[in-house]
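Below is one structure, written out as structure tokens; the observations come after it.
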Amino acid sequence: GRVSIDDVSIPLEEGNVRLRQASFGEAIEIPIDNIFSGKVDGIMGLDVMLHSNHTGTPWITQLRTQKIISEEILSFSLYMPPNVLAKAGAIKVGDLVIGSIDYSRYHGDLTWKKLINPTKWSVFVERVAFGSESLCSEECEVELSTDNPLIVGPNSKVAAIYDKLQAQDIPGVTIKTVNCQDVATFPELKFTVNDVTVSIPPRDYITEVHIKSACNTHHKCIYC
């Protein structure tokens, strides 16, 4: 890729605003496994300054410097599939909010956690568990990365999860497949942050994919 500088028009509900002489990266190639590639309009970097691949100023800092936003804060909600929406009565479309928080997108209270250091989106959580099995119980470092479609972790911890799911190897890749019919019975993945437990149900850590081969299309469920 390359770094460019130009005036950028940003569409907002109240109209377009112009970010002048903004520095931004242009991705030429993205190394993503075809299994997880999907239809996207583009890629927006949300990284912190010291972890950036170039020496320019992060775009969210530029927005605040030019007084387009008052706070360097961003929040996002995720799209939920129709079958989940029908049960939860949730909003259909996910979105990214720059400079504030859309309080209509969630229920309850926000839990805030200070970054371990300013080089990446990493925080300490008190506990990580898979169902009743504890994977980490003190100063567990968790990185909240939006650029990775997978949940990654230490080999021994991931292997313990695979064993519990009775996951099977996929030739040529390190991820594994599970029985789609068993997904509803799988445990929740839990993170305890400031004594608040955030539970991720199996439908959110299992990806259902269709893998094409020369003969036919295989229907698989992948642990993410």
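Looking at 200, 222, 161, 175, which is the one that is more than 18 Å from the chain's Cα centre (by Cα) and either of a type in the set (Val, Ile, Thr) or at pLDDT 80 or above (or both)? Don't jump to the end; show me each part of the working.
Values: 200 fails: more than 18 Å from the chain's Cα centre (by Cα); 222 fails: more than 18 Å from the chain's Cα centre (by Cα); 175 fails: more than 18 Å from the chain's Cα centre (by Cα).
Criteria check complete, one pass: 161.
Of all the residues that make up region 131-153, how many are modelled with pLDDT of 85 or more and open to solvent by less than 60 Å² (accessible area, probe 1.4 Å)?
7
Out of everything in region 101-118 that is within 25 Å of residue 68 (Cα to Cα) and out of contact with any strand residue (DSSP E or B) (no Cβ under 8 Å at 6 or more places or on another chain), what residue ends up being modelled with the highest pLDDT?
Filtering first and then ranking leaves 112.
Taking into account only those residues within region 1-27 that are at pLDDT 70 or above and more than 19 Å from residue 58 (Cα to Cα), which is most open to solvent (accessible area, probe 1.4 Å)?
16
If we scan region 87-100, do we find a residue that is of a type in the set (Ser, Thr, Tyr), at pLDDT 80 or above and either under 18 Å from the mean Cα position of the chain (by Cα) or under 20 Å from residue 198 (Cβ atoms) (or both)?
Let us first name the residues in region 87-100 that are of a type in the set (Ser, Thr, Tyr), namely 100.
Checking which are at pLDDT 80 or above leaves us with 100.
Next cut, either under 18 Å from the mean Cα position of the chain (by Cα) or under 20 Å from residue 198 (Cβ atoms) (or both) only: none.
Within region 87-100, not a single residue is of a type in the set (Ser, Thr, Tyr), at pLDDT 80 or above and either under 18 Å from the mean Cα position of the chain (by Cα) or under 20 Å from residue 198 (Cβ atoms) (or both).
Return the residues of region 154-196 that are part of a strand (DSSP E or B) and either open to solvent by less than 80 Å² (accessible area, probe 1.4 Å) or in contact (Cβ under 8 Å) with a residue 60 or more places away in the chain (or both); say none if nothing qualifies. Steps first, please.
Just the residues of region 154-196 that are part of a strand (DSSP E or B), to begin with: 168-169, 176-178, 189-193, 196.
Passing the criteria: 176, 177, 178, 189, 190, 191, 192, 193, 196.
Restricting attention to region 40-81, which residues are at pLDDT 65 or above, open to solvent by 50 Å² or more (accessible area, probe 1.4 Å) and among the hydroxyl-bearing types (Ser, Thr, Tyr)?
Those that are at pLDDT 65 or above, open to solvent by 50 Å² or more (accessible area, probe 1.4 Å) and among the hydroxyl-bearing types (Ser, Thr, Tyr): 57, 65, 70.
The values are calculated or read from the model by the stated rules, or taken from the named source; none is laboratory data. The model shown is predicted, which means the values in this text are computed figures rather than measured ones. For neighbour counting, all protein chains shown are included, and Cβ atoms are generated from backbone atoms with ideal geometry for every residue, glycine included. Ligands, DNA and RNA are excluded from the accessible area calculation, which covers all protein heavy atoms including side chains. Shrake-Rupley method; radii C 1.70, N 1.55, O 1.52, S 1.80 Å.
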